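Inspection log for the structure reproduced underneath, given as structure tokens.
The values are calculated or read from the model by the stated rules, or taken from the named source; none is laboratory data. Keep in mind that this is a model prediction, so the values were computed, not measured. All Cβ positions, even for glycine, are placed from backbone atoms using ideal geometry, and neighbour counts span all protein chains on display. Only protein heavy atoms, including side chains, enter the accessible area calculation; ligands, DNA and RNA are left aside. Shrake-Rupley method; radii C 1.70, N 1.55, O 1.52, S 1.80 Å.
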Amino acid sequence: MTTLTLIGKPDCHLCDVASEVVDAVIAELPDAAADGIEVVERSIADDPALYELWWEKIPVVLIDDRLHAHWRVSPERLRSALEEATR
């Protein structure tokens, strides 16, 4: 199972856009790949440790706990990374 973690906060426009990109990319993947991805959304507003690490960079996308992107999420780059991670 591949874990994609989206770190953001409420009322964050870029976070909403990143969430939409994640959803769209996963929806376009073959079912076998999409079924192997768990999406976890976390908020820096709920976790002081996450706030300390990421407050300047949200939204942040981690794939299997490794930084994939921050601020803006490229659909093409995310698709490629998820395809690689789910092989």
- For region 34-43, how many residues are in contact (Cβ under 8 Å) with a residue 24 or more places away in the chain and over 14 Å from the mean Cα position of the chain (by Cα)? 1
- Message: Which pairs turn up if I take residues in region 49-75 that are closer than 25 Å to Thr86 by Cβ and open to solvent by 60 Å² or more (accessible area, probe 1.4 Å) and look for partners that are charged (D, E, K, R) and modelled with pLDDT of 95 or more with beta carbon separation below 9 Å, at least 6 apart in sequence or on another chain?
- Response: Leu67/Lys57; Trp71/Lys57
- Note on the structure: Within region 1-13, the residues that are open to solvent by less than 50 Å² (accessible area, probe 1.4 Å) and out of contact with any strand residue (DSSP E or B) (no Cβ under 6 Å at 6 or more places or on another chain) are Gly8, Cys12
